[in-house]
Amino acid sequence: MELSVLMIGYQPSWHHAAEFVMVEKGWIQEITGLKIEEKEFPTGPPEMEAFIAGELDIAYVGAAPPIPALAKGMKAKIVASANTEGSALVVRPDFEYTGPSSLKGAKIGSYPPGSIQDTVLMYWLKMQGLKPGVDVEIIAMGPRPQLESLRARAIDGIFTPDPMPYIAVIEGYGKIAVDSSDMWPHHPCCVLLISEDLIENHRELAKKILALHIITQKYIEKPENKPEVVEIVAKRLGLSMEVAEKFPGATKFETDPNNPEWLNGIDMMCRVHHDLGYTKTAEGELVLLKSTDIVNAKLYDEALKLVPELKKKLGLSG
C-alpha cells in the first residue's frame, strides 16, 4: 500500500531540533514526496499511546517511553539517537540545594512514569539513597505545567529537558541545581523511532527518512548554521530570543545507534524500567528487554550510504 501522508510525532523541546529543521526547510517533503502531518505531544508516554494506536509513522521521542510500549507489543524500532543528556533539576531561587539529601521532603515535578526524565530521576534518587514517593514527592506533569507550578511556587523543583531550565532561569523563578549529565553521565535521551511497517514494507522510504535525520543532525551541529537553527527553534517552540540563544544548552546531539556506550545506556534504561515494574507484556508478565530487542542498527548502516546522494539533491556541501 502506497503512502501519501507521513505522520510525525514530536515534543516541545529542542532535543527534537532535527525534526523542526527538516520540516521548516522543506527537506523531508522534498526527499519523501509525501504530505507531512505533525503532532505535538507534551511528553513521551502519550506519544507512544498514539504510536500504538497507529496515529504515527515516525516519532522523535525519548529512548525510555518506547521500552514499556515495545514490551506490550508496539511494532516499531529505535533506528538512531537524536541526543544524549540535556535535562536538569531546576529549583526555586530560595530553595537551598546543597546536594541530593537537601531534596528530602521536597515536591518535584517530573515527566510521567516511563519518560526519560522519570527514568533518570528515579535512577539518580535511588543511587543517592533517597526513596521516590517517600523521601521525595514526585508529581507527574508535562513541560508547561512544570513551569507554571514552579512560577506559582506550588512545587520546590522540576526535572525537565532543554529549553525549560533556561526559561525558568531567565524569567527569574528557577535556578539550575544539577544537570542530568552529573546524575547519569552520557545517558541516552531522545531517539528516532520508526514503525515496523515502514521498515519492512517501505524500506527505501525508511532509509531516506533516516538518512535525512543524519544529514540534519550534522547541519545543526555546524557553527555557521547556528543563527538559522536558533531562529527555527525559537519559532517552533515560541521562545524569546534570549532563551533560544542558549541553544544547544546541555543537549548533546548524537546519531549513531552503533555506539557501544549509548547501547549500554539503553540496556541500563531497560533494567531500570524492569526494576520499576514498567515493562509488562499485554498479558501482564514482567519482562527484561535489551537494546537488541528495541534498536535496529542495520537500517542506519543502509541509510548512511544514501547520505551523499540526498545531500547533493538538497544542495548541501561538506
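The values are calculated or read from the model by the stated rules, or taken from the named source; none is laboratory data. In this text the structure is predicted, and so the values were computed from the model without any measurement. Neighbour counts run over all protein chains shown; Cβ positions are idealised from the backbone, glycine included.
A few comments on the model shown:
- Residue 121 closer than 20 Å to residue 275 by Cβ, in contact with a strand residue (DSSP E or B) (Cβ under 8 Å, 6 or more places away or on another chain) and modelled with pLDDT of 95 or more: yes
- Residue in segment 228-243 that is in contact with a Phe, Trp or Tyr (Cβ under 6 Å, 6 or more places away or on another chain), modelled with pLDDT of 95 or more, closer than 29 Å to residue 122 by Cα and in the same structural domain as residue 20 (by TED's automatic domain parsing) present: yes
- Residue selected from segment 168-186 under the condition aliphatic (A, V, I, L, M) and touching a strand residue (DSSP E or B) at 6+ places or on another chain (Cβ under 9 Å), by the criterion surrounded by the most Cβ atoms within 10 Å (Cβ to Cβ): 168
For every residue, the table says whether it meets (1) more than 25 Å from residue 149 (Cβ to Cβ); (2) under 13 Å from the mean Cα position of the chain (by Cα); (3) at pLDDT below 95; (4) among the polar types (S, T, N, Q).
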| residue | (1), (2), (3), (4) |
| --- | --- |
| 48 | no, yes, no, no |
| 75 | yes, no, no, no |
| 78 | yes, yes, no, no |
| 89 | no, no, no, no |
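- Restricting segment 276-307 to residues that are without any contact (Cβ under 8 Å) to a residue 12 or more places away in the chain and surrounded by 11 or more Cβ atoms within 10 Å (Cβ to Cβ), the residue that is farthest from residue 132 (Cα to Cα): 298
- Exactly one residue among 36, 67, 58 is within 16 Å of residue 208 (Cα to Cα) and touching a residue at least 40 places away in the same chain (Cβ under 8 Å), and that residue is 58.
- Residues of segment 217-245 that are polar (S, T, N, Q) and under 19 Å from the mean Cα position of the chain (by Cα): 217 alone.
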